[in-house]
Amino acid sequence: MEIDGLVLRLNPFRDYDAMVNVINERSSFSFLARGVRKIHSKNSFSLLPFAESHFDIMKTKDGLSLKTGNVVNSHSKLRESYQGLLMFDFLSEVTIKFLPEKELYKAYKPIKRIVELLEQGFDHYTLAIIYLAFILNESGYGWNIKGCQKCGQKDDIVAVNTSTGGFICRNCFDGQNGAKLSPRLLKIIRYIFMVQPELYDHISFEKDECLVILSLLEEFILGTVEFSINSLKLLQN
Ligand SMILES: [Zn+2]
C-alpha cells in the first residue's frame, strides 16, 4: 500500500524501532518503522518531524509496517529552528491527546496551513492559540462564544468561565471560575474559536495577549478535560 502524508508523531519503540503516526487529507495511519532509529537507516529522513513523505507500507500479522519512505517535502528549515521544534511538539502532543487515532487526519488541514505560515515567519504564539481552539472545537470541548453561557444574552460580555468554557455577561459573572477580560482579549477568543485555516494569517496578536489566552485555555483543559499538556511549558517561555 502506498500513501502520502505528513509525520505527526514518531514514538520510540524497542531499541531501534518506532511507531509512527502519519496523516493526510482523508486518513490517519499508524505503522511500525523497523530499525528506523539506527544511524544508517535509509528511511529515517522520511520520518522526521513535519516531513511530508511518500510511504510504501505492508500489512503484517501485527499491523502495518514500513517498507520504504521517501521525503517529498522535508520542511527542514522548521526543524532547524527552536520555535519550529517547539511548535511541532505542541501540535503533535495536542492532536494525539485530543483526537481518537482514526480522527487524527482532521488535523491535517490546520497543521499543513500552520507549517506553511511558520515557514513564512508568521507569529507562532498566534498560531498556537488558534490551534488549541481548533482542537477543542474538534474534540467537543469548544467554548461557547455566541453569547453569555448562563443567560444567553449577546451584549455586555465581560468575562470567561474557565471551568465550563465560555463567555459570561456582566450580570451573570460571579467572580469565580474565571476572569474578567478586556474587550480586546474577548474579541481574540471569539476569533480563535471561529477562524478557518485559509484565514489563519488574517491577524497576529501580541505575545502577552497570546500567553494570557494560553493560560486560560490550559486552566480549562486541566479542570475539565483533566490532562496536562507538557509542551505548553516551553511554549509559554
Ligand atoms: Zn448572562
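The values are calculated or read from the model by the stated rules, or taken from the named source; none is laboratory data. On a predicted model such as this, the values are computed, not experimentally measured, just so you know. Heads up, the Cβs are rebuilt from the backbone with ideal geometry, glycines too, and the neighbour counts pull from every protein chain shown.
Of all the numbered requirements in (1) farther than 12 Å from Leu132 by Cα; (2) modelled with pLDDT of 95 or more; (3) not in a loop (DSSP other than H, G, I, E, B), Ile189 misses one, and that requirement is (1).
Out of all the residues in segment 169-185, is one or more under 15 Å from Phe205 (Cα atoms), without any contact (Cβ under 8 Å) to a residue 12 or more places away in the chain and surrounded by fewer than 17 Cβ atoms within 10 Å (Cβ to Cβ)?
Initial filter on segment 169-185 (under 15 Å from Phe205 (Cα atoms)): 182-185.
Adding the requirement that they be without any contact (Cβ under 8 Å) to a residue 12 or more places away in the chain leaves 182-183.
Adding the requirement that they be surrounded by fewer than 17 Cβ atoms within 10 Å (Cβ to Cβ) leaves 182-183.
Yes, that holds for at least one residue.
For segment 163-182, what are the residues that are closer than 27 Å to Asp123 by Cβ and within 16 Å of the ligand (Cβ to nearest atom)?
Keep residues of segment 163-182 that are closer than 27 Å to Asp123 by Cβ, which gives 165-167, 178-182.
Those that are closer than 27 Å to Asp123 by Cβ and within 16 Å of the ligand (Cβ to nearest atom): Gly165, Gly166, Phe167, Gly178, Ala179, Lys180, Leu181.
Going through segment 97-124 one residue at a time, which ones are among the aromatic types (Phe, Trp, Tyr) and part of a helix (DSSP H, G or I)? Walk me through how you get there before you give the answer.
Start the filter on segment 97-124 by keeping residues that are among the aromatic types (Phe, Trp, Tyr), which leaves 98, 105, 108, 122.
If the condition is that a residue be among the aromatic types (Phe, Trp, Tyr) and part of a helix (DSSP H, G or I), then Phe98, Tyr105, Tyr108 are the ones that fit.
Of all residues being among the polar types (S, T, N, Q) and crowded, with 17+ Cβ neighbours inside 10 Å in segment 80-128, which is farthest from the chain's Cα centre (by Cα)? Just the residue, please. Give the steps one after another, and end with the answer.
Step one: list which residues in segment 80-128 are among the polar types (S, T, N, Q), which gives 81, 83, 92, 95, 120, 126.
Remaining after also requiring crowded, with 17+ Cβ neighbours inside 10 Å: 92, 95, 126.
Numbers: Ser92: 6, Thr95: 5, Thr126: 12 Å.
Per the criteria, the residue is Thr126.
Across segment 29-63, the qualifying residues are those that are modelled with pLDDT under 90 and within 23 Å of the chain's Cα centre (by Cα), and the one among them that is surrounded by the most Cβ atoms within 10 Å (Cβ to Cβ) is Phe50. Can you tell me which residue among Gln83, Gln153 is polar (S, T, N, Q) and in contact with a Cys (Cβ under 7 Å, 6 or more places away or on another chain)? It is Gln153. If we scan segment 110-124, do we find a residue that is in contact with a helix residue (DSSP H, G or I) (Cβ under 9 Å, 6 or more places away or on another chain) and within 24 Å of Gly223 (Cβ to Cβ)? Within segment 110-124, not a single residue is in contact with a helix residue (DSSP H, G or I) (Cβ under 9 Å, 6 or more places away or on another chain) and within 24 Å of Gly223 (Cβ to Cβ). Of the residues examined, Ser204 is one that is closer than 23 Å to Gln236 by Cα and touching an Asp or Glu at 6+ places or on another chain (Cβ under 6 Å). The condition of being closer than 29 Å to Pro197 by Cβ, more than 10 Å from the ligand (Cβ to nearest atom) and in contact (Cβ under 8 Å) with a residue 60 or more places away in the chain holds for only one of Tyr141, Tyr131, that being Tyr141.
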